[in-house]
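Readers should treat all values here as calculations from the given coordinates under stated rules, not as data from a laboratory. Worth saying up front: this structure is predicted, and the values here are computed from it rather than measured. Here Cβ is always computed from backbone atoms with ideal geometry, including for glycine, and neighbour counts include all displayed protein chains.
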Amino acid sequence: MLKRTLLPADPVARALSLATMAGSLSTGLFYSVSALYFTTVIGLSATTVGTGLTIAGAAGVAGSYVGGRLADRFGPDRVQQVSTVVQAVALLAYVAADDVASFVLIACVAVASRAVQGTAKQTLLARWFTGPDRVEVRARLRVVTNVFIGLGTVLAALALLVGTATAYRTTMVVVGVVALAAAVPLGGLRARVSGLADALRPLRGRHAAPDVPHGRSPLRDRTYLTSTALTSVMALQFGLQNVGVPLWVAHHTEAPDVMVSVLLLTNTVLVAAVQVRASRGTHEVLTAGRAVRRAGLLLAVACLVLAASGSVGVVAAIVLLLVAEVASTAGEILSEAGTWGLAFELADPRNAGAYQGVSQMGYSVAGMVAPLVVTATAIEHGTVGWVVLGAVFATAGALVAVVAARASRAPVAVPAPAGAPGAVEAGV
């Protein structure tokens, strides 16, 4: 199974897997050392770094949407490769950053290009694969992402152990070089894969297929916009793992700080073991909606258990934190699986890039506001905040299921883009 995930038989899936390996390894390295690099090497304050990354997050929201338009006009494979190169160059440019202005500019380019890259990848999946294959390949790519981010984090420990400016600067160079390597597997895909050129032919512009009518605009598709808005609320869950749980463990429980690493490892292992299996069947809209509803309930349970962990002793806190992590990870896995299914199946394939751009824009918005939402509720208000956050997840999940049920009863038949394969075997 591991070989099928890392090196799938389908050439497009294999190229995406290899690119994801390099990109995720780079991300793991970057996440581990970037904060210290920005503050100790460049000399920025923590507040400045936070503000700059928030501005960059806004650029990422725009990049997610623009990436879809570019993918429809120039082809998602080409857009993904170019944006990967741009992101790598921006990451390398951090080495030359020496003040606030250069830091913010580089961060905006890096985050925006990464957002374009993500949308292009989603569009490539939507255009080349069909039905259950799309969700399965996406699930396998998420497994690859988690595993290689973890490996990058482990490798970054070398720089953290040395702890010098040279070590951090060298690691940032490695981050950019490894990110650049992610563009290599994407090169020449159309020449290597039979039928890919026709399937990925631009839908807009001079080179667009002449017999493909304009599809619906996602900005006028109320069902898609509602689904995206609600699943974006569910995506706030990533603020739990990245911000909420570490702060809660360190400042509000009796558990040792090392539990943060234990919980992160638990999350990584569970996603790698379960994500693909949990994603089966979520290419059906009704099933996808039900998966998100269950995810909302699991996340609500996790929030309540996390709240309880703040008022007990060391041993009980450790046990409750582990229970909460298992519940929240299960919710994360189901939420992602359902969200992918809805993002693919509710979209008009005649406007694939624009639709995936809207979907990815929702993720970008969630990523930008999640730290604020989690800290303003759970961290600032304790048990009451956790209860509110849990209620938000449960409500959003239930509403997604309602939207999915209505959409499944009123399907809209739309033709596939000209040249797209009717049914492509993923081979993974």
Open item on the list: Between L225 and A250, how high is the FRET efficiency from 1/(1 + (r/R0)^6) when r is the Cβ-Cβ distance and R₀ = 41 Å? Nearest 0.05.
Closed with: 0.60
Task: Directionally averaged projected area (convex hull, Cα atoms, region 310-368), nm² - done: 5.3
TODO: Over all directions, average the projected area of the Cα convex hull of region 1-184 and note it in nm².
DONE: 10.2
Open item on the list: Suppose R0 equals 30 Å. What FRET efficiency, 1/(1 + (r/R0)^6) with r the Cβ-Cβ distance, do V314 and A391 give to the nearest 0.05?
Closed with: 0.55
Task: Simple Cβ-charge dipole of the chain, Lys/Arg +1 and Asp/Glu -1, about Cα centre, in debye nearest 20 - done: 1240
Open item on the list: Only counting other Cβ atoms within 10 Å, I'd like M368, M172 sorted with the fewest neighbours first.
Closed with: M368, M172
Task: Cα Rg, Dmax (largest Cα-Cα span) when computed across region 216-411, Å - done: 17.0, 57
Open item on the list: Within a 10 angstrom radius of the beta carbon, how do T164, T145, T329 rank from fewest other beta carbons to most?
Closed with: T164, T145, T329
Open item on the list: Name the residue from T231, L299, G310 whose Cα lies farthest towards the positive end of the charge dipole of region 216-411, charges +1 on Cβ of Lys and Arg and -1 on Cβ of Asp and Glu.
Closed with: T231
Open item on the list: Averaging the inverse of every distinct alpha carbon separation and then flipping it gives the Kirkwood radius. What is it for region 1-68, in angstrom units?
Closed with: 14.7
Open item on the list: Report D for the chain in µm² per second (integer): Stokes-Einstein, Kirkwood Rh on Cα pairs, 20 °C, 1.002 mPa s.
Closed with: 98
TODO: Within 10 Å of each residue's Cβ, count the other Cβ atoms and sort E380, E345, E284 from fewest upward.
DONE: E380, E284, E345
TODO: Report the net charge of residues surrounding A337, where surrounding means a beta-carbon distance below 11 angstrom and charges are Lys +1, Arg +1, Asp -1, Glu -1.
DONE: +3
Task: Cα centre as origin, Lys/Arg/Asp/Glu Cβ charges: region 256-334 dipole, Debye - done: 340
- [ ] Indicate the helices, whole DSSP H runs only, in the chain that combine a mean Kyte-Doolittle hydropathy of -0.5 or more with a Cα extent along their long axis of 15 angstrom or more.
- [x] 11-36, 46-74, 76-93, 100-128, 131-162, 165-181, 222-234, 259-278, 285-308, 314-345, 352-374, 380-409
Open item on the list: Tell me the net charge near A120. Cut-off is 12 Å between Cβ atoms, A120 excluded, with +1 for each Lys or Arg and -1 for each Asp or Glu.
Closed with: +4
Open item on the list: If each DSSP helix of 4+ residues adds -39,500 (n - 2.57) and the sum is divided by the residues in the chain, what number results at 222 nm, nearest 500 deg cm²/dmol?
Closed with: -25000 deg cm²/dmol
Task: For region 149-166 and region 32-101, distance of Cα centres in Å - done: 21
Task: At R0 = 22 Å, FRET efficiency that the Cβ-Cβ distance of S102 and A157 yields, to 0.05 - done: 0.20
Open item on the list: Can you tell me, using C-alpha contacts under 8 Å and at least 6 residues apart, the relative contact order of region 1-184 as a whole percent?
Closed with: 41
